[in-house]
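This report concerns only the one structure given below.
The values are calculated or read from the model by the stated rules, or taken from the named source; none is laboratory data. Just so it is clear, the structure is predicted and the values come from calculations on it, not from any experiment. Positions of Cβ are backbone-derived with ideal geometry, glycine not excepted, and every protein chain shown enters the neighbour counts. These accessible areas exclude ligands, DNA and RNA; they are computed on the full protein's heavy atoms, side chains included. Shrake-Rupley method; radii C 1.70, N 1.55, O 1.52, S 1.80 Å.
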Amino acid sequence: MSPSQAGLPAPHPEERSAPTAAGALVDTHGRVATDLRVSLTDRCNLRCSYCMPAEGLDWLPGEEVLTDDEVVRLIRIGVEDLGIREVRFTGGEPLLRRGLPGIVAATKALRPSPEVSLTTNALGLERTADALAAAGLDRVNVSLDTARPDTFATITRRGRFEDVVAGMAAAQEAGLRPVKVNAVLLRGVNDDQAAELLAWCLERDYALRFIEQMPLDAQHDWHRGEMVTAEEILAQLESAYTLTPAVEPRGSAPAELFVVDGGPATVGVIGSVTRPFCGDCDRVRLTADGQVRNCLFAREESDLRASLRGGASDAEIAERWRAAMWVKRPGHGIDDPTFLQPARPMSAIGG
Ligand code: SAM
Ligand code: SF4
């Protein structure tokens, strides 16, 4: 029976040339996606200025968001049929999802058992870190752009610095190590705080990585000229520390890693815009409303929720997912004059 006979949505025109054989999530450029980013909600309790406006966004209606069972079914298909080996939960703020420990436990119980991590702002982590570790969570990445409470309040528009710090400590205590920290530097706000934040992280044994600001904000305020570049970040860090390139190959990991003052600590810089790593990308994304995106910057999505709710079999869903990946573009094209920011912001895609 064809998808349309089964009441399923017609595939995107580009998907029709995709291979139908069983197997991994490959694309026409030979990349294989093994790392699945799952957004569990588009809602958030912070309002980081580089991510969303002060008033928030029009959140997805509840019935459009995948249920816990639907999320777990798609992850199971990814792991069992499509070669997914790492699952990272994100959002919005994934700790706002009540079923998170259950979703983590069900994901970890799959075979082969994937590496399971969480990207979070750490609000509420103080309360939930033990339960998440018990559910099988392996690691957390906490987003923290500054070690100063006042700068934190300026960037996130909420005075919750101490709660974040407590959440990070709880994660470390619960064994969710290494606690990784993701930081974005903003011109005129915290662009002079790179070395200070590194010192703060080194003291606490957190692994810090700076990420270049990307054109994924809901307000479309990003300007390339204002972006703090990887080169600038490295120059700032080198004014306070001796950095030597870490020996391990970068592979598909986006961060360029540097050993700090002879080690063992390292710091990473992710030049998503000025030093793109698209050629080695192994990621695929699932939005909270069940759309597969083959790239953060993709302009097309593939509606797996419609397939799920239309009664598709696991094999049909896997085939649709493979077809969506097959047409992944070679790069994000931010430098291309024809570049268009995707319709959804980072918080709705899952960062
Ligand atoms: N709320 C969680 C958090 O902040 O970690 C998860 C979702 S958030 C969208 C994921 C990551 O995206 C965070 O590390 C955040 O700093 C980053 N991010 C958001 N907007 C960004 C932008 N325009 N450029 C670069 N990184 C961005
Ligand atoms: Fe929320 Fe994360 Fe976006 Fe900040 S970066 S507003 S914490 S989703």
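Roll a 1.4 Å probe over the protein chains and send me the accessible area per residue for the chain in Å². Numbers along the way, then the final one.
Values: 14790 Å² over 351 residues.
Using a 1.4 Å probe on heavy atoms only, each residue of the chain averages 42 Å².
In angstrom, the C-alpha Rg and Dmax of the range 78-140 are 11.4, 35.
Across A33, A170, A235, mean-square fluctuation computed from a Gaussian network of the chain (C-alpha pairs under 10 Å connected) peaks at A235.
Karplus-derived 3J(HN,Hα) values for the range 175-186, using 6.51 cos²θ - 1.76 cosθ + 1.60 with θ = phi - 60°, are x, 7, 10, x, 5, 9, 10, 9, 10, 10, 9, 10 Hz; glycine and proline are entered as x. For the chain, with all protein chains in place and a probe radius of 1.4 Å, 51% of the accessible heavy-atom surface sits on carbon or sulfur. Extension gain, T338-A109: 0.36 nm per intervening residue step, less the Cα-Cα distance, totals 78.0 nm.
Residues W222, W59, sorted by accessible area with the largest first, give W59, W222 [1.4 Å probe; ligands and nucleic acids excluded].
In this structure, the amide hydrogen of S272, modeled 1.01 Å from its nitrogen in the peptide plane, lies closer than 5 angstrom to those of E212, counting only residues at least 5 positions away or on a different chain. Taken along the Cα-to-beta-carbon direction at a fixed 7 Å, the label points for R187 and E231 span 1.5 nm. Once a ≥ b ≥ c are taken as the square roots of the eigenvalues of the Cα gyration tensor of the range 140-299, is the result rounded (a/c under 1.5), prolate (a/b larger than b/c) or oblate (a/b not larger than b/c)? It is rounded, given that a/c, with a ≥ b ≥ c, falls under 1.5.
Out of every Cα-Cα pair that the range 25-349 contains, those further apart than 36 angstrom amount to 14 percent.
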